[in-house]
Amino acid sequence: MFAVALNSQVSLAQESKPAPKQPSSFAGTDSPEALREHVPVLPAVRAKYWNIDPAVGYGMKDLGNGVYALSDNGWQSAFLVTDAGVIVFDAPASYGKHIPEAVAKVTNKPIKMLVYSHIHKDHIGGSIAFKNIPGLQIIALDTVSDFLKEMNDPNRLIPTETFKASKTIKLGGKTVELTRHNYHSNEGDLFIYVPEAKFLMAVDSVTSGYVPFQDFDLSTNFRLYLKMFDEILAYEFDNFIGGHLTDTGTRKDVEITKEYTNDVHQTVKRIHNGLNERAFDAEIAKTIGPDNEFLMFKALLDKVTRDSVAELEPRWINRLAGVDVWLPSHVRAALIYVRWDDKE
């Protein structure tokens, strides 16, 4: 199915920009020939890559009012400097060991707290670097803590303070508002908001300049994922961190990703609901017979996927990076929701 969908993607991408060649017989594999057929990262996105010092493996930006963003052009985190100490938001496995030294470059205040956005080890698997910080509070949702206790992963330190739905932190004249959401991880996700800095962090939600990651950021609940964008936009913020890749984001990035996600959902819904399944099955049965129900059903889902990708890709291939990489998975995620959970 992926190979067929990719064939459709590449030909459509060629109509809208002169990037990839015609797909080879290796399409859908990780061969060099197949990988070269994908559309390069959009120049406007590439221009926003951070300059990463290879000696330390990360970059840092001052977002104002005590907030500093960190990135290695793959993962993102942040920390807040207050008069009474520092609060760190996530410790990615890729560069978490460098966060204490990054903090020390801008302040002599001690690290007081570490906040976990959710359970995934790529975002908090570097917390082991904080193990010997005296008196450190590690704050997370109660369900996140329960999961980490069960996993017993030495690289993900166990939280010392938990809460169910929301928590407000006051430290050194600054405020951090933590609110539970359920758009992505089974164990819950946090919105991390610093009102004085108009800064919002919602990890694995919006990636500036790109479409979301596979399956809409591995979302376990597409219904709540669709609501997530308005929940983000309800905040007053100037700077946004979604946890991945290159530049920090703005409200415009959230609005564009919302538009893309809704377009995928509505396109898949229209194509799926407009398909005459009885006629389609009857036609397929001429080739495979009427008794292979699984194959007939797979053929139907594959058709909806191909038709949806073919319509959506030309609209988005030049607006967001990674369209040809993850669009088929987005369509399948939306199709699962449309087929089994969505209203007509």
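The values are calculated or read from the model by the stated rules, or taken from the named source; none is laboratory data. This structure is a prediction, so every number in the text was calculated from the model and none was measured. Heads up, the Cβs are rebuilt from the backbone with ideal geometry, glycines too, and the neighbour counts pull from every protein chain shown. These accessible areas exclude ligands, DNA and RNA; they are computed on the full protein's heavy atoms, side chains included. Shrake-Rupley method; radii C 1.70, N 1.55, O 1.52, S 1.80 Å.
Brief remarks on what is shown
- Unique match (being basic (Lys, Arg) and in contact with a Leu (Cβ under 9 Å, 6 or more places away or on another chain)) among Arg278, Arg251: Arg251
- Selected residue (criterion: surrounded by the most Cβ atoms within 10 Å (Cβ to Cβ)) from residues of region 209-249 that are among the polar types (S, T, N, Q) and at pLDDT 95 or above: Asn239
- Selection from region 241-262 of residues that are part of a helix (DSSP H, G or I) and in contact with a Pro (Cβ under 9 Å, 6 or more places away or on another chain): Thr257, Tyr260, Thr261
- Count of residues meeting criterion [open to solvent by 10 Å² or more (accessible area, probe 1.4 Å) and touching a residue at least 40 places away in the same chain (Cβ under 8 Å)] in region 69-80: 3
- Subset of region 264-277 that is closer than 17 Å to Ile336 by Cβ and exposed (fewer than 15 other Cβ atoms within 10 Å of the Cβ) - its residue that is farthest from the chain's Cα centre (by Cα): Glu277
- Test: residue in region 232-250 that is under 25 Å from Ser145 (Cβ atoms) and charged (D, E, K, R): no
- Any hit, region 293-311, residues being open to solvent by 10 Å² or more (accessible area, probe 1.4 Å), modelled with pLDDT under 95 and not in a helix (DSSP H, G or I): no
- Selected residue (criterion: surrounded by the fewest Cβ atoms within 10 Å (Cβ to Cβ)) from residues of region 166-207 that are within 12 Å of Ile232 (Cβ to Cβ) and polar (S, T, N, Q): Thr179
- Scanning region 177-233 for residues that are hydroxyl-bearing (Ser, Thr, Tyr) and under 22 Å from Tyr49 (Cα atoms), we see that the one that is nearest to the chain's Cα centre (by Cα) is Ser205.
- Sole exception among (1) in a helix (DSSP H, G or I); (2) touching a helix residue (DSSP H, G or I) at 6+ places or on another chain (Cβ under 7 Å); (3) without any contact (Cβ under 8 Å) to a residue 60 or more places away in the chain; (4) over 17 Å from Leu42 (Cβ atoms) for His265, by number: (3)
- Of the residues making up region 36-55, those that are touching a residue at least 12 places away in the same chain (Cβ under 8 Å) and either open to solvent by less than 100 Å² (accessible area, probe 1.4 Å) or touching a Ser or Thr at 6+ places or on another chain (Cβ under 7 Å) (or both) number 12.
- Just one residue in the set Asp83, Asp146 is open to solvent by 70 Å² or more (accessible area, probe 1.4 Å), among the acidic types (Asp, Glu), modelled with pLDDT of 95 or more and under 21 Å from Asp62 (Cα atoms); that residue is Asp83.
- For region 254-263, the criterion of being open to solvent by less than 60 Å² (accessible area, probe 1.4 Å), aliphatic (A, V, I, L, M) and farther than 25 Å from Tyr193 by Cα is met by no residue.
- Subset of region 50-80 (residues that are touching a Leu at 6+ places or on another chain (Cβ under 9 Å) and of a type outside the set (A, V, I, L, M, F, W, C)): Tyr58, Gly59, Lys61, Asn65, Gly66, Tyr68, Ser71, Asn73, Gly74, Gln76, Ser77
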